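K.L.:
I have a structure here, written as structure tokens, and I will follow up with some questions on it.
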Ligand SMILES: [Zn+2]
């Protein structure tokens, strides 16, 4: 696909917990036989009452940073410039860290958000019959020469040679690779069609001037799906099916995306649409008709056009970030590689293809562009790296007596609301005031921040609950908290 998206995929979810368990497992080796004979239970085991050993505490985690804008600028190095809100905020709170021009380390919170996004994508793609594959990033030059894209894509292809002098590129997209793969399948029958294959992998694009953080980098994550059908009509149905799945995905994330007519660019084919998230920083200029809903990328229109081509009403101009792109390819690639299936008459027939991209790392940055305030990140509920942050009282404060309550509330939540296991953080930095930690929590955008403040000493205890995505602040008893949190959807 034709653009530029990023990410990473390590399972860091239980990092803190595993660290804890590793230390615990090391302990029995230290216990002497006399301890074992006397029934001695090592200290840490003793304290691992159900749930307690699993508490995720902020002070032990890879700390998100909290940098000033000038500190962030120096991070970006020589090319140092902050080009948009998501780049600045993601650097400031330690979601990403620059590695080299257009390449970023994705830090633990970001990886968690990305893993959740990939789970939602998997659900939507598998609901329409998608099967997941994983193709190499190293893509042999001969495939790209066959379609002439080795030259036509020019310097955007990141090219390299191996020790034998064989040429490759680091794939920005995989039309060539997947079509050659399908061509190699001798037994593909019409009965297996439509075939919907997709992957979520790193892509590479040698941007002349990387900018906007994760929005336009040189290395990024993309979900790319390729579909194979037995006829143009069937392929159009599949095209609609995938477009609907994209709309469903963005709906579930609570994002306002419009599907616009788009240019086919270097991918080719005859029909193409973009899914655009409407935000001011968007690099794409769009024309939308409020009258009939027509919408198009301005690239596809005559620049002087001010009226809707469908209903002649006036067009509104707006800006968007491209987060998805779909192409109906016909036999453009299958004819080059002879990607065939056996048709109903037992004869070989060229597959009708489509390809469909989602910018995975780009979506993460785009949602921050769309939802964050100037200072505070906001996540779609499903993508929030952690759902709940519990703030315990400051050490030495009047409320300190409620400290234990906070720990108990943590255990109650993870026992009573199973989907929140691994989703609750305890901000145990009790040398800081509640106010300072609330400010941090607000910045990181946990959907629920729960504070044990003055009213935690009431009988029964009342917790102050900040619902970040609705802006509400409510006081709830333990039962109230559990009831509220039991509604939370986690992917
Ligand atoms: Zn119109």
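K.L.:
Which value, in Å to one decimal place, does the Kirkwood hydrodynamic radius take for the stretch 133-281 when every pair of different Cα atoms is included?
P.N.:
Answer for the stretch 133-281: a Kirkwood hydrodynamic radius of 17.4 Å.
K.L.:
Over all directions, how big on average is the projection of the convex hull of the alpha-carbon atoms in the stretch 386-485, in square nanometres?
P.N.:
Directional mean of the projected Cα hull area for the stretch 386-485 stands at 5.6 nm².
K.L.:
In degrees from 0 to 90, rounded to the nearest 10, what is the angle of the helix 434-444 Cα long axis to the longest principal axis of the chain?
P.N.:
10 degrees
K.L.:
What is the distance in Å between the Cα centroid of the stretch 131-178 and that of the stretch 283-302?
P.N.:
The two parts, judged by their Cα centres, are 33 Å apart.
K.L.:
Okay, moving on. Using only C-alpha atoms and all pairs of different ones, pull out the Kirkwood radius for the stretch 231-382 in Å with one decimal.
P.N.:
Every distinct Cα pair counted, the radius reaches 17.1 Å.
K.L.:
Where does the chain land at 222 nm, in deg cm²/dmol rounded to the nearest 500, when only DSSP H runs of n ≥ 4 count, each adding -39500 (n - 2.57), divided by all residues?
P.N.:
-9000 deg cm²/dmol
K.L.:
What FRET efficiency comes out for residue 470 versus residue 439 if R0 is 25 angstrom and r is the Cβ-Cβ distance? Round to the nearest 0.05.
P.N.:
After rounding, the FRET efficiency stands at 0.85.
K.L.:
Another question, if that's okay. Going by alpha carbons, how many degrees (0 to 90, nearest 10) lie between the helix axis of 403-416 and the longest principal axis of the chain?
P.N.:
Its long axis makes an angle of about 50 degrees.
K.L.:
Taking a quarter of the surface of the Cα convex hull of the stretch 276-363, what do you get in nm²?
P.N.:
Convex hull of Cα atoms, orientation-averaged projection: 8.8 nm².
K.L.:
Extending each Cα 7 Å along its Cβ direction at residue 191 and residue 311, get the distance between those two points in nm, one decimal.
P.N.:
Label-label distance for residue 191 and residue 311, simple model: 4.8 nm.
K.L.:
Would you mind getting me the FRET efficiency between residue 236 and residue 408? Use the beta-carbon distance for r and R0 = 45 Å, nearest 0.05.
P.N.:
So, using R0 = 45 Å, E works out to roughly 0.20.
K.L.:
Roughly how far apart, in whole Å, are the Cα centres of the stretch 402-450 and the stretch 199-235?
P.N.:
For the stretch 402-450 versus the stretch 199-235, the Cα centre distance is 37 Å.
K.L.:
Given the peptides 304-316, 82-94, arrange them by the average over their residues of other C-beta atoms within 10 Å, most packed first.
P.N.:
Going by the mean number of other Cβ atoms within 10 Å, highest first, we get 82-94, 304-316.
K.L.:
Please state the relative contact order of the chain as a whole percent: Cα pairs under 8 Å, 6+ residues apart?
P.N.:
17 percent
K.L.:
Given the convex hull of the Cα atoms of the chain, what is a quarter of its surface area in nm²?
P.N.:
For the chain, the mean projected area of the Cα convex hull comes to 31.0 nm².
K.L.:
Going by a ≥ b ≥ c, the root eigenvalues of the Cα gyration tensor, does the stretch 370-420 fall in the rounded group (a/c under 1.5), the prolate group (a/b larger than b/c) or the oblate group?
P.N.:
oblate
K.L.:
For residue 300 and residue 248 in one chain, what is 0.36 nm times their gap in residues minus the Cα-Cα distance, to one decimal in nm?
P.N.:
16.2 nm
K.L.:
Let me ask you something else. Neighbouring Cβ atoms within 10 Å as the yardstick, rank 243, 389 fewest first.
P.N.:
Least to most surrounded, the residues fall as 243, 389.
K.L.:
Assign one of three labels to the stretch 198-246, namely rounded, prolate or oblate, based on the Cα gyration tensor with a ≥ b ≥ c the square roots of its eigenvalues; rounded applies when a/c is under 1.5, prolate when it is not and a/b is larger than b/c, and oblate otherwise.
P.N.:
It is prolate, given that a/c is not under 1.5 and a/b is the larger ratio.
K.L.:
Which of 206, 375 has the fewest other C-beta atoms within 10 Å, and how do the rest follow up to the most?
P.N.:
Lowest count first: 375, 206.
K.L.:
Order these by the 10 Å Cβ neighbour count, fewest first: 149, 163.
P.N.:
Exposure proxy ranking, most exposed first: 163, 149.
K.L.:
Sticking with this structure for a sec: Just how many % of Cα pairs in the stretch 110-370 lie over 36 Å apart, if you round to the nearest whole percent?
P.N.:
Summing the P(r) tail past 36 Å for the stretch 110-370 gives 14 percent.
K.L.:
For the Cα atoms of the chain, what angle does the longest principal axis make with the long axis of helix 108-127, in degrees from 0 to 90, nearest 10?
P.N.:
The helix 108-127 is inclined about 50 degrees to the chain.
Each value in this text was obtained by applying a stated rule to the coordinates, not by laboratory testing. Everything numeric here is computed off the predicted structure, so don't read it as measured data. Glycine gets a Cβ as well: all are built from the backbone with ideal geometry, and neighbour counts include every protein chain shown.
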